[in-house]
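As structure tokens, the structure follows; a few thoughts come after it.
The values are calculated or read from the model by the stated rules, or taken from the named source; none is laboratory data. Remember, predicted model here, so these are calculated numbers, not experimental data. So basically every Cβ, Gly included, is an ideal-geometry build from the backbone, and we count neighbours across all protein chains shown. Just so you know, the surface numbers come from the protein's heavy atoms only, side chains and all, with ligands and any DNA or RNA stripped out. Shrake-Rupley method; radii C 1.70, N 1.55, O 1.52, S 1.80 Å.
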Amino acid sequence: MTELDLRKAICEVGRRLYAKNLVAATDGNISVRLGPGRFLCTPSGVSKGFMAVNDLIVADAKGHKLSGDGKVTSEFTTHLAAYEERPDMNAVVHAHPPKALGFTIAGVSLSDCVLPEVIYTIGGIPTADYATPATPEGAVAIRELIRKCDALMMDRHGALTVGVNAFDALFKMEKIEHAAESLLTARLLGNVRRLEGPEIEKLYKVREAYGVSGRAYPCVSEACCAAASAQPCDGELDKIVDETLRVLGKA
Ligand SMILES: [Zn+2]
């Protein structure tokens with residue numbers, strides 16, 4: 001893929017984020033790895049729905065601009081933390097999916113074992129601690145979690161996904177919002193039916209059989225799902241996650 005292809009991919013991903021209401025106004029940012037210590041990223045203050053290939057910026061591994069007219073996005077330090085932790089990934093998308101964001105505002109976890117296709121693709125969707133947007137706090141908040149998953153929520157701010165390319169990261173972002181929409185509907189209807197242990201194990205096998213790339217964060221079954229907590233069972237959850245990752249050989 002040429003650099004021009006990657007620029008076109010970022011612009012198309014931006015258009016789709018905007019068209020699908022996953023970002024508003026000039027929110028969100030997208031980046032891809034160009035090579036060792038070189039990244040292509042979206043400029044700050046520009047709507048991701050209307051970008052041209054020449055609007056994009058090349059930055060180094062410290063977040064300094066190497067070429068391009070605009071300013072490097074203020075969230076780029078968060079992207080860099082994701083690239084540092086995930087050498088297997090080449091793209092990062094950050095957006096503000098409104099329904100998924102609503103779950104973090106309410107303090108409700110998106111990590112329930114509910115949707116089969118979400119479980120075997122991105123897994124449970126954990127929530128990183130609150131960090132002030134557009135500051136280096138974001139990098140600190142996501143660093144631990146992004147090692148274990150490809151898709152996470154940023155408390156009361158938005159969501160971040162990593163992918164083998166920009167579209168892979170976009171599709172994971174779409175899945176987050178889609179999962180939130182389905183869960184919200186179930187909650188409005190009054191009943192969330194979670195999948196149980198044997199069903200979840202079968203899904204992990206499906207994931208293996210299809211060779212799904214990336215890392216899926218273990219979802220949280222009913223046994224450990226306090227009704228409206230973003231951190232179900234607190235310390236217990238960490239133990240479950242680490243044990244599940246060990247069993248899956250991903251730790
Ligand atoms: Zn943001």
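Nearest-5 percent of antiparallel DSSP beta bridges in the chain?
85 percent
Where does the chain land on Rg(C-alpha)/(2.2 N^0.38 Å)? Walk me through the intermediate numbers first.
On the way: Rg = 17.6 Å, N = 251, 2.2 N^0.38 = 18.0 Å.
Normalised by 2.2 N^0.38 Å, the Cα Rg of the chain equals 0.98.
What residues have an amide H closer than 5 Å to that of Met154, excluding those fewer than 5 places away on the same chain, when H is modeled at 1.01 Å from N in the peptide plane?
Ala128, Ala159, Leu160
In nm, to one decimal, how far is the modelled label at Ser74 from the one at Asp60, with both set 7 Å along Cα→Cβ?
It is 2.5 nm.
Using only alpha carbon pairs under 8 Å that are at least six residues apart, calculate the relative contact order of the stretch 1-101 and give it in whole percent.
Details: 174 pairs, mean separation 29.2, N = 101.
29 percent.
If amide H atoms are built 1.01 Å from N in the plane of the peptide, which residues on other chains or at least 5 residues away come under 5 Å of the amide H of Ser111?
Correct list: Ile125.
Using the Karplus equation 6.51 cos²θ - 1.76 cosθ + 1.60 (θ = phi - 60°), what ³J(HN,Hα) coupling, rounded to whole Hz, does each residue of the stretch 2-14 give in order, writing x for Gly and Pro?
7, 4, 5, 4, 5, 4, 5, 4, 4, 4, 5, 4, x
How much accessible surface does Val212 have with a 1.4 Å probe, in Å² rounded to 10?
Roll a 1.4 Å probe over it and Val212 shows about 40 Å².
Can you work out the Karplus-derived ³J(HN,Hα) for every residue in the stretch 56-68? Use 6.51 cos²θ - 1.76 cosθ + 1.60 with θ = phi - 60°, whole Hz, and x for glycine or proline.
6, 10, 9, 10, 9, 6, 9, x, 7, 6, 9, 7, x
Work out the length of the dipole vector of the stretch 14-157 about its Cα centre, built from +1 on the beta-carbon of each Lys and Arg and -1 on the beta-carbon of each Asp and Glu, and round it to the nearest 20 debye.
It works out to roughly 340 debye.
Tell me which trypsin sites (Lys or Arg not before Pro) from the stretch 53-148 have a DSSP coil assignment and no more than 12 other beta carbons within 10 Å of their own.
Hits after loop and neighbour filter: Lys62.
Counting only protein heavy atoms and a 1.4 Å probe, tell me what percentage of the chain's accessible area is made up of carbon and sulfur. Before the final figure, lay out the partial values.
Values: 6330 of 11610 Å².
Result for the chain: 55 percent of the exposed heavy-atom area is carbon or sulfur.
Residues of the chain: accessible area per residue at 1.4 Å, in Å²?
The answer is 46 Å² per residue.
Using the structure shown, list the pairs from Lys8/Lys148; Lys48/Lys99; Lys62/Lys175 with a Cα-Cα distance above 26 Å, or answer none. Each step should come with its number before you reach the end.
Values: Lys8/Lys148 29 Å; Lys48/Lys99 19 Å; Lys62/Lys175 30 Å.
Violating the 26 Å limit, Cα to Cα: Lys8/Lys148; Lys62/Lys175.
How much length, in nm to one decimal, is gained on full extension between Ala52 and Lys202, taken as 0.36 nm per residue of separation minus their Cα-Cα distance?
Between Ala52 and Lys202, full extension yields 49.6 nm more.
Calculated FRET efficiency, Ala209 and Arg156, Cβ-Cβ r, R0 30 Å, to nearest 0.05?
0.20
PRE reach from Ser67 (point 7 Å along Cα→Cβ): which of the stretch 33-52 fall under 14 Å by backbone N?
So the set is 34-35, 38-41.
Can you compute the modelled spin-label distance between Ala25 and Glu144, with each label point 7 Å from Cα toward Cβ, in nm?
3.2 nm
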